[in-house]
Amino acid sequence: MPPPPQFQLPDTVLPSRQPEAFIELRSVTCGYGGRVILRDIDLIVPRGAVVALMGVSGGGKTTVLRLISRQLVAMSGEVLFDGQDVAKLSPEGCQAMRRRMGMLFQQGALFTDLSVFENVAFPLREHTNVPESIIRDLVLMKLNAVGLRGSRDLMPSEISGGMARRVALARAIALDPELVLYDEPFAGLDPISMGIAARLIRDLNDTMGLTSVVVSHDVDETFLIADHVVLLANGRIVAQGSPVELRASEDPLVRQFVHARPDGPVQFHQPAVDAGVDFGVR
Ligand SMILES: Nc1ncnc2c1ncn2[C@@H]1O[C@H](COP(=O)(O)OP(=O)(O)OP(=O)(O)O)[C@@H](O)[C@H]1O
């Protein structure tokens, strides 16, 4: 019997569909005071995606957020925001770029002397001249989006930690950003509040047409909502892929991370002199 005909499709028949990059890091090396923290990093955050930055403590996750928001300038390489090299922006250009970002940083606590309403209104009053009636509607819409319209008159001291995080989220999206950067949005939350916060990040991303970058240590919550997970260790991206791909990975470092094992390629003990020497038993 003759062999079946072989078909070879030319490469051009199957276009390689690259997602549109909203944020892109190209060969970025950066650090603080001459100390290199991230070395030759390439990273793409596609428009509309939820991308999670995860990995060992001190691995440089927050540093990536600082690069994107240009609080830190790379030693070499490029950081592109919607195609623009952020290092080349004028002070006005940088301000305009930051207006397109919402940031929910760990230390971004609420103003304790302002009500929930006033906390969310703050960026609108700072950065726009919209009349009071419109500010009211915008604030109530954002509070509604995080489920706290009814809590507008409470003070930060009168709400739970999980609610406070949601108010901070409403404040981060007050100016209708295109990108939201989250630094450890689940830290210190109980499991239920964590689940609510995670769902909110995903829902707001999709309903408001945002792009989100989430730094997190919480594998379960983050894997539930992320499209793409980037694992950072020792100043490099050591793995990346969808949550499903990372869970299925056989790579020892990925396995250690996903299954929260204390030992593996990342050691629990930092380098130290022999314990016997320190404890005087040898
Ligand atoms: N402002 C700074 N000046 C000097 N060194 C810094 C500064 N900020 C961070 N570092 C150092 O850079 C490294 C990476 O810090 P970064 O906060 O980006 O890590 P991370 O992965 O977010 O850590 P964690 O998960 O613990 O928050 C750490 O070794 C840290 O000590």
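Per the conditions (1) more than 16 Å from the ligand (Cβ to nearest atom); (2) in a helix (DSSP H, G or I); (3) surrounded by 17 or more Cβ atoms within 10 Å (Cβ to Cβ), the sole criterion not satisfied by Glu221 is (1).
Go through region 186-215 and give me each residue that's in contact with a strand residue (DSSP E or B) (Cβ under 6 Å, 6 or more places away or on another chain) and within 16 Å of the ligand (Cβ to nearest atom). Those that are in contact with a strand residue (DSSP E or B) (Cβ under 6 Å, 6 or more places away or on another chain) and within 16 Å of the ligand (Cβ to nearest atom): Val213, Val214, Val215. Evaluation of Phe111 against the conditions (1) within 16 Å of the ligand (Cβ to nearest atom); (2) assigned by TED's automatic domain parsing to the domain that holds Met155 shows that the sole unmet condition is (1). When you scan region 271-280, do you find a residue that is at pLDDT below 95 and within 16 Å of the ligand (Cβ to nearest atom), even just one? Yes, that holds for at least one residue. The set of residues in region 109-121 being surrounded by 13 or more Cβ atoms within 10 Å (Cβ to Cβ) and under 23 Å from the mean Cα position of the chain (by Cα) consists of Leu110, Asn119, Val120. Filtering Arg70, Arg99, Arg165, Arg149 for residues that are in contact with a helix residue (DSSP H, G or I) (Cβ under 7 Å, 6 or more places away or on another chain), buried (at least 19 other Cβ atoms within 10 Å of the Cβ) and among the basic types (Lys, Arg) leaves a single hit, Arg165. Contact map, region 51-62: first residue more than 20 Å from Ala198 (Cα to Cα), second residue near the ligand (Cβ under 6 Å from one of its atoms), Cβ cut-off under 8 Å, separation 6 or more or different chains; pairs are Gly60/Ile37.
From the residues in region 21-44 that are out of contact with any strand residue (DSSP E or B) (no Cβ under 8 Å at 6 or more places or on another chain) and not in a loop (DSSP other than H, G, I, E, B), which one is modelled with the lowest pLDDT? Going through the qualifying residues, I end up with Arg35.
Scanning region 73-83 for residues being within 17 Å of Gly102 (Cα to Cα) and in a loop (DSSP other than H, G, I, E, B) gives a total of 1.
The values are calculated or read from the model by the stated rules, or taken from the named source; none is laboratory data. From a predicted model like this one, the values you see are computed outputs, not experimental measurements. Positions of Cβ are generated from backbone atoms using ideal geometry, with glycine treated the same way; all protein chains shown enter the neighbour counts.
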